[in-house]
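Visitor: Structure provided below as structure tokens; questions to follow.
A short reminder: the numbers here are calculations on the coordinates, not readings from a lab. Predicted, not measured: the structure shown is a model, and the values here were computed from it. Cβ atoms come from the backbone with ideal geometry, glycine included; neighbour counts cover every protein chain shown.
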Amino acid sequence: MSDNFTFSKDKIWSRRQLLQIGLSGAGVLSAAAIWQMLNTKNHPSVRVPPMEVAASNGATNPMQVLRDFDYGTIKQENGRTVREFQLTAGTSTIQLNSAVSYNIWDLNGRIPGPTLRAKEGERIRIIFLNNAGHSHSLHFHGVHPAEMDGIRPVSNRRATIYEFDAEPYGVHLYHCHVAPVTRHIAKGLYGMFVIDPPKPRPPADEIVLIMSGYDVNDDNKNEYYAFNGVPHHYMHHPIQIYKNQLIRVYVLNIIEFDPAVTFHLHANFFDVYRSGMTMTPSEKTDVLTMGVAERHILEFAFRYPGKYMFHPHQDAIAESGCMGQFEVIAEKDSQKSVNKS
């Protein structure tokens with residue numbers, strides 16, 4: 001491998017320079033499909049209902065966000081594996097309901113940004129291109145050198161590269177760190193970053209739920225709230241899961257302007273793995289309090305079929321869009337639905 005990927009500290013790169021060094025060179029593998037295929041083959045006990053995922057509605061597709069993990073692409077450099085991701089900041093207009101639209105900053109054309117996933121100890125490289133009209137950056141939670149901390153603004157139409165080792169294992173996040181940080185996060189520049197432990201967790205149906213808020217009139221108060229980008233989406237389109245299947249939810253609270261919210265699951269309890277940095281649950285509960293940027297792994301299974309709500313226990317927040325349902329089904333019921341279609 002040439003020295004094209006040896007960068008000086010804090011160097012900002014233009015789009016042309018990035019293209020010149022050959023970001024999509026030979027020998028790069030598409031990791032997402034391979035990883036998903038191997039997981040399914042190795043864990044046949046994991047059952048996921050064959051839910052339809054509609055085409056994206058612009059930057060929003062909550063059903064796709066649910067189980068969509070970005071494993072990047074794999075490169076071998078100097079005898080070491082490098083997992084490489086590409087993130088581009090842009091602008092979009094989304095519909096919060098039939099009457100209200102809202103201008104956001106997006107990452108890779110979506111809100112929330114891609115859920116990046118790696119294994120502890122891997123070398124991570126994030127190529128960040130800013131096409132969003134304002135200066136932005138990407139700050140990753142976790143352990144890394146100061147020059148990779150993502151606090152230096154990247155100008156519009158410029159790019160930079162963040163590179164560090166994936167550590168420690170757990171559920172982390174990334175977000176823009178350009179002032180005012182609250183505004184840049186609230187308008188869409190955030191995503192989840194999962195680092196898997198050296199010893200894999202037990203097989204489960206894995207789901208991402210990111211709680212966010214929308215301040216549509218710039219009064220530093222949220223008028224709307226959502227799971228995975230769209231208010232009330234999972235109330236109108238419940239998340240199907242199988243009865244007695246272990247469910248692993250990666251939950252993140254990225255609601256700005258509210259100091260804390262709760263996550264409540266109806267008719268069940270869940271094991272809590274705080275920050276995802278433990279293999280042993282710290283508690284079992286049905287209501288969990290989370291500050292801004294706090295995230296955890298929740299595990300549970302439902303015994304009985306039916307629809308069960310999940311939402312913050314702050315009713316005003318739930319009723320303003322942060323509300324959804326799990327639809328628990330038996331496998332035979334799922335097969336009937338498939339046969340009918």
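Visitor: Between Asp218 and Thr91, what FRET efficiency follows from the Cβ-Cβ distance if R0 is 22 Å, with the result rounded to 0.05? Numbers along the way, then the final one.
Guide: Values: r = 17 Å, r/R0 = 0.76.
Calculated transfer efficiency: 0.85.
Visitor: Now, a different point. Measuring from label point to label point, each 7 Å out along Cα→Cβ, what is the Thr280 to Arg80 span in nm?
Guide: 3.3
Visitor: Let me ask something additional. Based on DSSP, what percent of beta bridges with both residues in segment 3-340 are antiparallel, to the nearest 5?
Guide: Details: 65 of 90 bridges.
Of those bridges, close to 70 percent are antiparallel.
Visitor: Now a separate question. Largest first, please: the extent of the C-alpha atoms of segment 3-340 along each principal axis, to the nearest Å.
Guide: 58, 50, 42
Visitor: Which length gain, in nm to one decimal place, applies between His236 and Ala99 when the Cα-Cα distance is subtracted from 0.36 nm times their residue separation? Spell out each step's value before the answer.
Guide: Numbers: separation 137, 0.36 × 137 = 49.32 nm, distance 1.70 nm.
Taking 0.36 nm per residue and subtracting the Cα distance, the gain is 47.6 nm.
Visitor: Could you work out how much longer the chain between Gln64 and Ser45 gets when fully extended? Use 0.36 nm per residue separation minus the Cα distance between them, nm to one decimal. Walk me through the numbers before you get to the answer.
Guide: Numbers: separation 19, 0.36 × 19 = 6.84 nm, distance 2.21 nm.
Extra length available between Gln64 and Ser45 comes to 4.6 nm.
Visitor: Peptides 252-259, 209-216, 192-199: what's the order by average Cβ count within 10 Å, highest mean first? Numbers along the way, then the final one.
Guide: Details: 252-259: 20.4, 209-216: 22.9, 192-199: 18.0.
With the highest mean Cβ count within 10 Å placed first, the list reads 209-216, 252-259, 192-199.
Visitor: So, one more: Report the calculated FRET efficiency for Glu120 and Val53 (r = Cβ-Cβ distance, R0 = 30 Å), to the nearest 0.05. Working shown, then result.
Guide: On the way: r = 30 Å, r/R0 = 0.99.
Calculated value: 0.50.
Visitor: Asp149 to Asp271: FRET efficiency via 1/(1 + (r/R0)^6), r the Cβ-Cβ distance, R0 41 Å, to the nearest 0.05? Show your work: numbers first, answer last.
Guide: Details: r = 32 Å, r/R0 = 0.79.
Efficiency at R0 = 41 Å is approximately 0.80.
Visitor: Which order, highest average first, do 240-248, 267-275, 144-152 follow once you tally other Cβ atoms within 10 Å for each residue and take the mean per peptide? Mind showing how you got there, number by number?
Guide: On the way: 240-248: 19.1, 267-275: 17.6, 144-152: 14.9.
Answer by packing, highest mean first, reads 240-248, 267-275, 144-152.
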